[in-house]
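The values are calculated or read from the model by the stated rules, or taken from the named source; none is laboratory data. The structure presented is a predicted model; accordingly, all values stated were derived computationally and were not measured. Cβ coordinates were reconstructed from backbone atoms using ideal geometry, including for glycine residues, and neighbour counts include every protein chain displayed.
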Amino acid sequence: MAETFYSVDDANALLPTVRPLLERIRAQQAELAKDKSLALVREKAAQNGGGTPSRHLSQLAQTMEKDLRQLQEWGIVLRDPATGLIDFFHKREGETVFLCWRLGEGKIEWWHPVNTGIAGRERL
């Protein structure tokens, strides 16, 4: 998939749509992680035709996959589902960089070179 480049304004305009999706991904990931026997449940479900716990976990996984695909379609890079850390491709002075944002931040105020990650975050 080709990279989608965002201006700061365009990325900020998308945040109200992205925020609930990231919150849902975070919650789904936490719920899936709670069940340490997920592999065992799936194995048994395959043998007995499923059941309520299996269906619930399957629905969670399907919804999470759909949400992850949506981010990918928008060209947003999910760095850390637990904190809702994402990057938007951006051109800064002719160079490809990332606009960096995470859940809890009001708007996009950070960027970093593509090769540094969050450790290289700088204010816009």
Flag for GLU73 being out of contact with any Asp or Glu (no Cβ under 9 Å at 6 or more places or on another chain) and surrounded by 13 or more Cβ atoms within 10 Å (Cβ to Cβ) = no
Identify the residue in the stretch 27-56 that is modelled with pLDDT of 75 or more and touching a Leu at 6+ places or on another chain (Cβ under 7 Å) and, among all such residues, is nearest to GLY104 (Cα to Cα).
-> GLN28
Residues that are surrounded by 14 or more Cβ atoms within 10 Å (Cβ to Cβ), touching a residue at least 24 places away in the same chain (Cβ under 8 Å) and within 17 Å of the chain's Cα centre (by Cα), drawn from the stretch 88-115 = PHE88, PHE89, LEU99, TRP101, LEU103, ILE108
Scan of the stretch 81-96 for residues that are part of a loop (DSSP other than H, G, I, E, B) and of a type in the set (S, T, N, Q), ordered by number = THR83
Residue among LEU78, LEU103, LEU99 that alone is in a loop (DSSP other than H, G, I, E, B) and at pLDDT 95 or above | LEU103
Please identify the pairs in which a residue from the stretch 6-34 that is outside any helix (DSSP H, G or I) has its Cβ atom under 8 Å from the Cβ atom of a residue that is surrounded by 13 or more Cβ atoms within 10 Å (Cβ to Cβ), counting only partners at least 6 apart or on another chain.
-> TYR6/LEU14; TYR6/GLY75; TYR6/PHE88; TYR6/PHE89; TYR6/HIS90; TYR6/LEU99; SER7/HIS90
Selection count, the stretch 111-124, where residues are outside any helix (DSSP H, G or I) and within 16 Å of LEU78 (Cβ to Cβ) | 2
